[in-house]
1. Roughly how many Å is it from the Cα centre of the stretch 350-393 to that of the stretch 216-236, as a whole number?
2. Below 8 Å between Cα atoms, with a sequence gap of 6+, how large is the relative contact order for the stretch 148-242 in percent?
3. Expressed as a whole percentage, what fraction of the accessible surface of the chain belongs to carbon and sulfur atoms when a 1.4 Å probe is rolled over the protein heavy atoms?
4. Take the stretch 289-378, compute every pairwise Cα distance, and split them into 5 Å bins from 0; I just need the percent in each bin.
5. Skip the ligands, DNA and RNA, and give the accessible area per residue of the chain with a 1.4 Å probe, whole Å².
6. Name all residues of the stretch 227-270 having a backbone nitrogen under 20 Å from the label point set 7 Å from the Cα of residue 177 along its Cα→Cβ direction, giving them as ranges.
7. Got a number for the accessible area of residue 120? Probe 1.4 Å, square angstrom, nearest 10.
8. Keeping every protein chain in place, order 428, 404 by accessible area at 1.4 Å, biggest value first, i.e. largest first.
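The values are calculated or read from the model by the stated rules, or taken from the named source; none is laboratory data. Please read these numbers as outputs of a predicted model, since none were measured by experiment. Glycine gets a Cβ as well: all are built from the backbone with ideal geometry, and neighbour counts include every protein chain shown. Areas reflect the complete protein model, heavy atoms only, side chains present, ligands, DNA and RNA absent. Shrake-Rupley method; radii C 1.70, N 1.55, O 1.52, S 1.80 Å.
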Amino acid sequence: MTSVSVPPRAVEANFDGLPGLTHNYAGLSWGNVASGSNARAASNPREAARQGLAKMRRLLELGYVQGILPPHERPHVPTLRRLGFTGTDRHILEQGWKQAPSLMLALLSASPMWTANAATVSPSADTVDGRVHFTPANLSAMLHRSIEHEVTGRILRATFGDDRHFAHHPALPGTEHFGDEGAANHTRLCGDFAGSGFGGAGVEVFVYGRSVLDRAAPKPQQFPARQTLEASQAVARLHGLDPARTVFVQQNPAMIDAGVFHNDVISVGSGDVLFTYENAFVDHDRVLDDLNTRLGGTLKVVQVPQVAVPVADMVRSYLFNSQLLAHPEGGMRLILPVEAQETDSVRALVAGITGPDQPIREAVFMDLRQSMRNGGGPACLRLRVVLTAAEQAAVNPGSLMTPDRLEALERWVDRHYRDRLDVDGLQDPALLGEGRTALDELTGLLGLGSVYDFQRE
């Protein structure tokens with residue numbers, strides 16, 4: 001009698017980034033239309049964090065495994081020291097504002113809240129050593145994000161610390177060849193999703209904006225293509241992925257120039273469903289055919305034509321920067337920002353593609369306006385990590401959400417976060433101490449240990 005190998009049961013956990021205490025609108029992200037259009041407006045960090053926690057609570061109530069990744073320390077004094085500023089922390093900040101105010105805005109960014117850019121994650125079912133692999137993104141295209149990966153790596157190692165189950169790689173070199181934007185340009189599809197779910201071998205799809213070595217490949221003309229093919233190939237090698245189940249796809253340069261700065265602004269996939277805009281990729285139809293073949297003919301494509309949703313509406317509403325989650329009754333559940341509901345063409349589109357007999361069974365709209373004004377929707381705020389039961393048990397328990405832990409986090413936010421932050425507020429020297437006090441308390445609350453520079457000095 002021949003035994004049949006059954007993949008271990010696995011779930012897709014969502015680890016959301018919590019908006020930081022310096023959440024602000026500096027308009028730092030060139031190519032992100034929403035970020036630029038709200039530059040220098042006053043923000044509300046407390047409301048941003050509360051909205052993020054409300055999303056986590058809603059997903060927990062819907063039955064999903066929900067985790068958290070904490071904000072980074074900002075302003076980031078260690079970077080200022082590396083750039084030649086000396087003296088006490090307060091003196092360094094004063095000199096920074098006098099000599100390099102644009103640099104100060106970059107080092108006050110709360111962008112680590114968008115954990116879709118934190119790292120690329122490959123589940124144990126896909127990797128050669130049977131462990132979950134993490135590679136922090138170097139985010140080299142933007143100064144304010146390029147300083148994140150070291151602390152991100154510490155946080156990931158503190159969250160997923162058991163090396164029997166988890167493997168951690170350093171970020172790729174921050175050179176022209178290896179611009180890496182993390183999971184925002186990566187998705188995973190499962191051919192036998194109806195049978196083995198997330199626990200079966202998947203097809204990992206890496207979407208890049210440009211190739212450094214292939215000079216003849218098309219490139220956008222207005223905005224930068226941040227992800228390189230060479231970076232995607234390196235991550236796949238580091239994670240020990242099967243080349244037969246790994247796909248490299250180029251994003252349509254015209255869409256990057258239209259404001260689609262990452263693939264997760266124009267396409268999202270999960271399980272056996274791909275929700276995408278028409279012409280999202282170079283040689284779009286061939287890409288879809290190839291994915292379907294690799295999934296054994298089981299791919300369900302929900303494609304949105306431009307005639308139904310114009311490009312401007314697609315970008316403004318963040319229709320595709322949504323979470324596509326397995327529905328307990330079959331199919332998928334789509335978590336969208338309320339801006340999608342408020343855009344006429346998108347609202348009509350969503351109503352037409354959802355239902356019990358559709359690949360997307362249900363749509364849920366959520367208020368994340370503080371994040372959306374800075375160019376990040378529901379999908380930007382989360383890092384997807386597929387975990388077996390044994391792997392989930394090995395996660396730092398304080399990083400997994402429960403109703404009681406969410407209540408404790410809400411109280412923590414209300415104690416420490418300001419409800420208004422503008423350019424004048426960002427120059428307040430008290431902000432540094434407030435942040436350190438809050439983050440020191442948070443790492444204790446989550447049981448993470450010393451992950452921040454100020455805790456390790």
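1. 26
2. 26
3. Ligands and nucleic acids excluded, carbon and sulfur reach 50 percent.
4. 3, 14, 22, 22, 20, 12, 6, 2, 0
5. Here the residues of the chain average 38 Å² of exposed surface.
6. 227-241, 248-249
7. Taking all protein chains as shown, residue 120 has close to 0 Å².
8. Output order, biggest surface exposure first: 404, 428.
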